[in-house]
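Colleague: Following this message is one structure expressed as structure tokens.
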Amino acid sequence: MIPSGIAAASSSSASFYDICSYAAGIAGNVFAFVLFVSPMPTFKRIVQNKSTEEFSGLPYIYSLLNCLICMWYGLPCVSYGVILVATVNSVGAAFQLVYVILFIRYANSARKLRMSALLAGVACVFAAIVFVSLEFFDHTTRQTFVGYLSVASLISMFASPLSIISLVIRTKSVEFMPFYLSLATFLMSISFFAYGMLLHDFFIYLPNGIGTFLAVIQLVLYAYYSINSREDSNMPLLVS
């Protein structure tokens, strides 16, 4: 028989642990929402001009597939106790789908055909993942299978800013690396990193740990080059 004092302390500790993990997941959902709405000014311009101009639709295709895979991982039929992963990625998938549809609507004929084919490809890939994971794996191996797919998808998504980081270093300018987007990425990544650590879920904390690290690099570069830019602008002009 467990003494009532020990049982109460254990219950209180478990309750605090649950609250912390839930709070981290909710925070991740909120910051992810900021990222999901960030392309809205771009699509407002596309709709107003009735043209996709030189914008690329590929980031939204990749993000759609990533959200669908991660949403599938968070559902109870694949993983237990990580429903907040499913909620955030279902919202994200809805946003990315709308962006892709708008892109197709206002793209020229060649890009319209290419984007439509890619959208159909995403649907087929996701359908294949769902079918294979349900048909050929039990619950434990299904979580591992989908988990590794989600890790690969998230790492590839988090690695995409590497080109921007390289551009910032080459040009010594943060013009093409919006501060608030980098900050929101950092806050979302660290929230889900904490969520994954609290739940001891390798498939959540690993990619978000990498995302946190890359976001920190962006913020450090932003601070460094912003300070240098201000110092250069404050230098006295030499008149000969």
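The values are calculated or read from the model by the stated rules, or taken from the named source; none is laboratory data. The structure displayed is predicted, hence computed values, not measured ones. Heads up, the Cβs are rebuilt from the backbone with ideal geometry, glycines too, and the neighbour counts pull from every protein chain shown. SASA here: full protein model, heavy atoms, side chains in, ligands and nucleic acids out. Shrake-Rupley method; radii C 1.70, N 1.55, O 1.52, S 1.80 Å.
Colleague: Leaving out ligands, DNA and RNA but keeping every protein chain, what accessible area does H139 have, in Å² rounded to the nearest 10, with a 1.4 Å probe?
Modeller: Spelled out: H139, probe radius 1.4 Å, area about 50 Å².
Colleague: Note down the accessible area of L149, probe 1.4 Å, to the nearest 10 Å².
Modeller: Answer for L149: close to 60 Å² accessible.
Colleague: Only helical DSSP H runs with n ≥ 4 go in: add -39500 (n - 2.57) per run for the chain, normalise by residue count and round the 222 nm mean residue ellipticity to 500 deg cm²/dmol. Please list the in-between numbers first.
Modeller: Working: 9 runs with 196 residues, N = 240.
Roughly -28500 deg cm²/dmol at 222 nm, from the helical runs in the chain.
Colleague: Right, something else. If the elastic network links every pair of Cα atoms under 10 Å, which of P41, P59, P76 fluctuates the most in the Gaussian network model of the chain?
Modeller: Most flexible of the set in this elastic network: P41.
Colleague: Can you give me the Rg/Rh ratio for the stretch 7-104, using Cα atoms for both radii and the Kirkwood formula for Rh?
Modeller: Details: Rg = 17.9 Å, Rh = 15.3 Å.
Using only Cα positions, Rg/Rh for the stretch 7-104 is 1.17.
Colleague: How large is ³J(HN,Hα), in whole Hz, for each residue of the stretch 117-125 in order, when computed from phi with the Karplus curve 6.51 cos²θ - 1.76 cosθ + 1.60 and θ = phi - 60°, using x for Gly and Pro?
Modeller: Here the 3J(HN,Hα) series is 5, 5, 5, 5, x, 4, 4, 5, 4 Hz.
Colleague: For the stretch 89-96, take each phi angle, set θ = phi - 60°, evaluate the Karplus expression 6.51 cos²θ - 1.76 cosθ + 1.60, and give the result in whole Hz per residue in order, putting x for glycine and proline.
Modeller: Couplings: 7, 5, 5, x, 5, 5, 4, 5 Hz.
Colleague: Please give the contour-minus-distance gain from A127 to I227: 0.36 nm per residue of separation, less the Cα-Cα distance, rounded to one decimal in nm.
Modeller: Numbers: separation 100, 0.36 × 100 = 36.00 nm, distance 4.85 nm.
This chain segment gains 31.1 nm when fully extended.
Colleague: With each label point set 7 Å from Cα along the Cα-Cβ vector, what nm distance links L206 and Y180?
Modeller: Label at L206, label at Y180, 3.5 nm between them.
Colleague: Indicate the gyration tensor shape class of the stretch 4-231 (rounded, prolate or oblate), computed on the Cα atoms with a ≥ b ≥ c the square roots of the eigenvalues: a/c under 1.5 is rounded; otherwise a/b larger than b/c is prolate and the rest oblate. Present the calculation step by step, with values, prior to reporting the outcome.
Modeller: Details: a/c = 2.25, a/b = 1.27, b/c = 1.77.
Oblate shape, in that a/c is at least 1.5 and b/c is the bigger or equal ratio.
Colleague: Could you report the chain's accessible area per residue, 1.4 Å probe, as an integer in Å²?
Modeller: Details: 13720 Å² over 240 residues.
I get 57 Å² per residue for this part.
Colleague: Another question about this same structure. Go through Y17, A127, I190 and say which Cα lies farthest out towards the positive end of the charge dipole of the stretch 4-231; charges sit on Cβ, +1 for Lys and Arg, -1 for Asp and Glu.
Modeller: A127
Colleague: Calculate the dipole size of the chain relative to its Cα centre from +1 charges on Lys and Arg beta carbons and -1 charges on Asp and Glu beta carbons; express the result in debye to the nearest 20.
Modeller: Once rounded to the nearest 20, the dipole reads 740 debye.
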